[in-house]
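Report on the following structure.
Every read-out reported here was derived from the displayed coordinates using simple, explicitly stated rules and does not represent laboratory data. All figures in this text were calculated on a predicted structure; none of them were measured in a lab. In this analysis, Cβ positions are derived from the backbone assuming ideal geometry, glycine residues included, and neighbour counts consider all displayed protein chains.
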Amino acid sequence: MIRSTDFKENPRPNSSMTLAAEVLSDVVEADGYLHKLLAAEAVDTSAAAPVMGVRARLLPLLRNCLADRLLAVEPTGAFVKGTAIRSCAHLDLLLSIAPGVGQSLRELHDLLFSLLYASGYSPWRHGAGINVRVQGYSVDVLPGYRERLDSEEHQLYLPGRDVVVRTNPARHSAHVRSANRLDETRILKLWSKQHRLDLPSLYLELVIIRALAARSSPYVSANVSTVLEYLRDAFAHAQFVDPANEGNVVSDLLTPEQKRVVAATARVALAAPRWRAIVR
């Protein structure tokens with residue numbers, strides 16, 4: 001566990017403090033620092049949040065293109081899970097679309113990309129989505145074919161791998177929220193961003209849940225340290241699957257080299273003398 005925190009420039013003068021009390025004091029102090037970060041990175045995810053106005057801005061364009069095939073346009077991802085952070089907040093909008101006769105998901109993806117470009121946006125492909133900036137906000141538009149009207153199961157297209165996957169974003173959100181690791185997730189997302197790690201959100205969330213399943217603390221800093229240890233020691237060779245579809249191997253989203261970079265970055269973090277050197 002990382003014991004030194006950001007706040008102390010000099011060692012404690014009280015040499016009579018027991019080791020256990022000193023460790024506890026360090027953890028409490030570290031938690032204070034991390035909770036200040038969490039407060040600074042707080043994001044308004046309510047229905048009245050300004051970013052939610054993006055949906056209203058895009059909806060006429062999407063309806064004009066997809067007509068009655070567009071069943072719903074709803075927020076998903078970090079805003080629904082409760083894991084959004086201000087430094088890299090972006091809104092995921094799931095387009096729930098009735099399958100079109102003779103139109104593949106790849107063709108649909110290309111159609112929406114061209115539509116957004118022709119409408120004055122600067123789209124780029126990001127995971128299963130198409131990223132655009134709308135009213136100053138970063139937005140991932142995720143087109144998906146809804147399999148049945150009575151189900152949240154969707155088919156999504158991954159352009160980078162040129163594959164279609166079957167999954168359930170609503171189940172992802174429920175899985176993450178029920179694990180009750182939102183603070184740890186937000187801190188580690190911030191760490192991942194600041195160290196420029198290519199670590200998909202769902203992948204990181206599954207790692208956090210597994211790492212803390214058998215070893216958990218009431219202190220956020222201790223739990224973050226535990227996850228960093230897992231990333232250093234076990235992450236590179238561990239398999240993770242989609243909680244909504246075991247056929248989707250989430251750990252295949254990164255190459256072995258990318259996993260080694262994550263593990264090496266975690267190793268450096270665990271050796272850091274201060275929390276400020278890890279995440280800020």
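In table form, for the structure just shown:
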item: Table column - 3J(HN,Hα) (Hz), the range 72-81, Karplus curve with 6.51, -1.76, 1.60, x for Gly and Pro; result: 6, 10, 10, x, 8, x, 4, 5, 8, 6
item: Shape category assigned to the range 164-276 from the gyration tensor of Cα positions, a/c cut at 1.5; result: oblate
item: Most mobile of 219, 145, 230 in a GNM of the chain (Cα contacts under 10 Å); result: 219
item: Options 59, 151, 95, ranked by Cα towards positive dipole end of the range 50-167, top entry (Cβ charges); result: 59
item: Label-to-label distance, nm, for residues given as residue 166 and residue 119 (7 Å Cα→Cβ offset); result: 3.0
item: Hz values of 3J(HN,Hα) by residue in the range 116-123 - Karplus curve (6.51, -1.76, 1.60), Gly and Pro given as x; result: 5, 5, 5, 8, x, 8, 10, x
item: Contact order relative to length of the chain, as percent, for alpha carbon pairs under 8 angstrom and 6 or more apart; result: 20
item: Proxy reagent accessibility, fewest Cβ within 10 Å first, across 183, 110, 31; result: 110, 183, 31
item: Fluctuation leader among 179, 56, 98 - the chain, Gaussian network, Cα springs under 10 angstrom; result: 56
item: FRET efficiency estimate (nearest 0.05) - Cβ-Cβ, residue 151 to residue 111, R0 25 angstrom; result: 0.55
item: The range 50-167, dipole about Cα centre (Lys/Arg Cβ +1, Asp/Glu Cβ -1), debye to the nearest 20; result: 320
item: Whole-Hz couplings from phi, Karplus 6.51/-1.76/1.60, listed for the range 136-152; x for Gly and Pro; result: x, 9, 7, 10, 9, 8, 10, x, x, 7, 7, 6, 9, 5, 9, 9, 9
item: Long-range HN-HN contacts of residue 74 with modeled amide H, under 5 Å; result: 94, 96
item: Other-chain or far-sequence residues with amide H under 5 Å of residue 248's (modelled H); result: 242
item: Long-range amide H partners of residue 138 with built H, under 5 Å; result: 91
